[in-house]
2 protein chains.
Amino acid sequence: MLAAPINPSDLNRIEGVYPVRPPLPAAVAGYEGVGQVHALGPAVDSDYLSPGDWVIPSPPSFGTWQTYVVKPAAAWHRVRSDVPPQYAATVTVNPLTALRMLGDFVNLSPGDTLVQNGATSIVGQCIIQLAKLHGLHTINIIRDRPGWEEAKDKLKQLGADEVFTQSQLDSIKNVKSLLGALPEPALGLNCVGGNAASVIMKFLRQSGTMVTYGGMSKKPVTISTSSFIFKDLSLRGFWLQKWMNSDKAEESRTMIDYLLSLVHEGKLKYEMELTPFSDFRLALDKALGKHGSRPKQVLSF
Amino acid sequence: MLAAPINPSDLNRIEGVYPVRPPLPAAVAGYEGVGQVHALGPAVDSDYLSPGDWVIPSPPSFGTWQTYVVKPAAAWHRVRSDVPPQYAATVTVNPLTALRMLGDFVNLSPGDTLVQNGATSIVGQCIIQLAKLHGLHTINIIRDRPGWEEAKDKLKQLGADEVFTQSQLDSIKNVKSLLGALPEPALGLNCVGGNAASVIMKFLRQSGTMVTYGGMSKKPVTISTSSFIFKDLSLRGFWLQKWMNSDKAEESRTMIDYLLSLVHEGKLKYEMELTPFSDFRLALDKALGKHGSRPKQVLSF
C-alpha cells in the first residue's frame, strides 16, 4: 500500500470492542488505504487495471496495514492519482460517512440547518464542507480545551456558520436564542454522547432527527419522554460498515469518485497527522495512547 | 354527556404539564366522553344526527366533564349505542393510540412479535388484543407489585404470549433466551421509561424500533451508542393529539367505528373503575391522588 490511516475504529477493532472481528491468528489490521498496482494476474482485463494505477479496497476490507496485498481485481477500485495520497487513503470511511449521513435520514433543502458535535473530527470537517456545498448551514459544537479559539477559526474557514464550545452552551438556558436568523435544525449528528448529545436535541426543531455515529465520551444518550411525545424527535444510528454490507459497492465507488473530485478542486480538505511508514510502529503506539493522549487520526505512508 | 373518563392525561392537563392548555378562566376539563343528542339546531341535517343518538366529540376536544355541551354538528361523531357506554366514552384516546402505534412505525406481518411495558394499562390491554387479532405475538412487561400473578393471568386471557415482571427480567443476563420459539421483536412500545425502556431495547431485534408514548416512571430513556451504531435501533415517539392535528378526522372516525365493532363482538375489552357522575368530585380527588395512590383510569357516568 502507498498509504494507510490509523483510524480510531482500527484501534477499536484491535481492542476487540467492535462487533465484527477479523479471523485470527492471521489477521492484518487496517480497514482502508490506497495502494499502487504492482502486477496483474493473467485473467485481469487491462482496461480495468494497469500497473501504476492507484487503487483502494472497495468495499473496504481488513489488511491495509501491509506493504503488499493480493486480492481479486474486482475488490479494487481505481481512483484518480492527482490528489494527495493521504486523501485517497482516507476517503472511504470518514468522508463517505459524512456524505451518507447528509442524505440518508432527513430530506434537507438549501437553506436548512444541521447541528453536530465533535465538529473538529474528520467526519465533522467533511460535514461542514459538504453541507456548505449543498447550501446547508451548520451549527458546530466543539470540546472545551486549550486552543479552542483556533479550532473555531479553522472550522469557520471551512464554512461553519456557528461554532460553540460545550461549556458555552451549558451556560445558556435557551440554546435556540443562538440561532439568530438560521432556521431551527432538522438534523443533528452526534459522535460524542452524554451532554453533548443532549445539547444537539435542544437545538433540534419539532420532529427533528438525531443520528448517532460515535460515542467519544463513552457516555450513553439520555432523552426525556416529552422529547419523544411532544417534540416528536427521532433517534437513529449510522454505521458505514452496515450500509456497505447492503450491496452498495457500486454506489460507494461513485461517491468516492465524487469526494476525490472535491479534494482535487480544493473543496474538501481535512487535517491529518502524517508519519512515514518506517515509523508506523511509533505512530500506532501513539494512536493507542502509549505516548500521551490519543490523536484523532494518524496516517502512515 | 352520558359518561366521561378521567384519564391520566386529563390530570396532566389540569396540572399544566401538557404543552397544550385550554384557555382560562372558562375552561372545562375532560378530553373524551360519550353523550346523547338532546336537541338539534334548525340547520342540522336529521340524517346526520337525531335526538337520542350516541355521539362522541371527534376529534376529541376539551369540555366533556359537563352535563350539557353545545357544539356544531360536525364536531360530533355518531357511534353505535349497542356497546357499554364506558367503551364509547373511552374509545378515542387509548384504543386509538394502540391501533395507530401498531400500524404507523413498523411494517408488521402475521407471526411477528412486539414487546411492550406498562402492559396492564388500557393501551397495553388494547395492544395485546389488537395484536392477537392481527396474528402478532406480544411480550408484555408489568410492574412488580402485589397481585402481579393475577395481572399476568388476566393479560394471558386477553391473548398475551408472554408476561414478565420487571424484576424477573432484571435478573436475567440475556432476555432473548426468554423468547422461546417467538421471533425477536421488531417493535417495542414504551410508556414507562428508565429501566423498563432499557429492557424493551434488549428484547428488540437488529434494526428494531422503540416507540415511546408515555413516561410513567418519570425517568428518561437511556440508550448506549452501540445500540444505535451496531444494533441500528430507531427511537421514536407517538402522541395521539399530534396525529389528530394532522387532518385525520375522517380516518379516526373510521377507526373508532372499527374499535367499537370489536367491543360489540367481545373482541376488545379493558378494565375501568366506574363511578356515578354524582360522585364525580370524589372520583376526581381519587384520581388526583388525594385518597391514596392514583388509579389508572376512572370513569364517571
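Among the residues of segment A:167-188 satisfying the criterion of being touching a residue at least 40 places away in the same chain (Cβ under 8 Å) and not aliphatic (A, V, I, L, M), which is farthest from A:I200 (Cα to Cα)? The selected residue is A:P183. Of all positions in segment B:56-76, at least one carries a residue that is buried (at least 22 other Cβ atoms within 10 Å of the Cβ), over 16 Å from B:L240 (Cα atoms) and modelled with pLDDT of 95 or more.
Checking the conditions here, which among A:S198, A:S207, A:S226 is farther than 27 Å from A:R13 by Cβ and in contact with a Ser or Thr (Cβ under 7 Å, 6 or more places away or on another chain)? Matching residue, one of A:S198, A:S207, A:S226: A:S198. A count restricted to segment A:156-166 and to residues that are polar (S, T, N, Q) and free of Cβ contacts under 8 Å to residues at least 24 places away in the same chain stands at 1.
Of the candidates A:T90, A:T97, A:T113, the single residue that is touching a residue at least 12 places away in the same chain (Cβ under 8 Å) and either over 21 Å from A:N7 (Cα atoms) or open to solvent by 40 Å² or more (accessible area, probe 1.4 Å) (or both) is A:T113.
Let's see how each residue does on (1) within 15 Å of the chain's Cα centre (by Cα); (2) open to solvent by 20 Å² or more (accessible area, probe 1.4 Å); (3) not assigned by TED's automatic domain parsing to the domain that holds B:V221:
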{"residue": "B:G118", "(1), (2), (3)": "yes, no, no"}
{"residue": "B:I127", "(1), (2), (3)": "yes, no, no"}
{"residue": "B:H134", "(1), (2), (3)": "no, yes, no"}
{"residue": "B:T138", "(1), (2), (3)": "no, no, no"}
{"residue": "B:A160", "(1), (2), (3)": "no, no, no"}
{"residue": "B:N174", "(1), (2), (3)": "no, yes, no"}
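Considering B:S50, B:S46, the condition of being part of a loop (DSSP other than H, G, I, E, B), without any contact (Cβ under 8 Å) to a residue 40 or more places away in the chain and open to solvent by less than 60 Å² (accessible area, probe 1.4 Å) is satisfied by B:S50 alone. Taken as a whole, the condition of being charged (D, E, K, R), within 18 Å of B:G118 (Cβ to Cβ) and modelled with pLDDT under 95 does not apply to B:D161. In the set (1) touching an Asp or Glu at 6+ places or on another chain (Cβ under 8 Å); (2) surrounded by fewer than 19 Cβ atoms within 10 Å (Cβ to Cβ); (3) part of a helix (DSSP H, G or I), B:L182 fails one condition alone, (3).
Any residue that is part of a strand (DSSP E or B), of a type outside the set (K, R) and within 14 Å of another protein chain (Cβ to nearest Cβ) - is there at least one of those in segment A:242-262? Checking segment A:242-262: not a single residue is part of a strand (DSSP E or B), of a type outside the set (K, R) and within 14 Å of another protein chain (Cβ to nearest Cβ). The residues of segment A:32-41 that are buried (at least 24 other Cβ atoms within 10 Å of the Cβ) and outside any strand (DSSP E or B), listed by number, are A:E32, A:G33.
In segment B:188-204, which residues are in contact with a strand residue (DSSP E or B) (Cβ under 7 Å, 6 or more places away or on another chain) and either among the polar types (S, T, N, Q) or open to solvent by 30 Å² or more (accessible area, probe 1.4 Å) (or both)? Across segment B:188-204, the qualifying residues are B:N190, B:S198. Looking only at residues in segment A:259-273 that are in contact (Cβ under 8 Å) with a residue 24 or more places away in the chain and open to solvent by 80 Å² or more (accessible area, probe 1.4 Å), the one that is nearest to A:Y18 (Cα to Cα) is A:E271. Of the residues that sit in segment A:205-216 and are among the polar types (S, T, N, Q) and open to solvent by less than 40 Å² (accessible area, probe 1.4 Å), which one is nearest to the chain's Cα centre (by Cα)? Taking the candidates together, the pick is A:T212. Quick check: anything in segment B:224-237 within 14 Å of another protein chain (Cβ to nearest Cβ), among the aliphatic types (A, V, I, L, M), in contact (Cβ under 8 Å) with a residue 12 or more places away in the chain and open to solvent by 60 Å² or more (accessible area, probe 1.4 Å)? The answer is no, given that none of the residues of segment B:224-237 is within 14 Å of another protein chain (Cβ to nearest Cβ), among the aliphatic types (A, V, I, L, M), in contact (Cβ under 8 Å) with a residue 12 or more places away in the chain and open to solvent by 60 Å² or more (accessible area, probe 1.4 Å).
The values are calculated or read from the model by the stated rules, or taken from the named source; none is laboratory data. Note that the coordinates shown come from a computational prediction; the quantities given were computed from them, not determined experimentally. We place every Cβ from the backbone using ideal geometry, glycine too, and count neighbours over all the protein chains shown. To get the accessible areas, we keep the full protein, side chains included, count just its heavy atoms, and leave off ligands, DNA and RNA. Shrake-Rupley method; radii C 1.70, N 1.55, O 1.52, S 1.80 Å.
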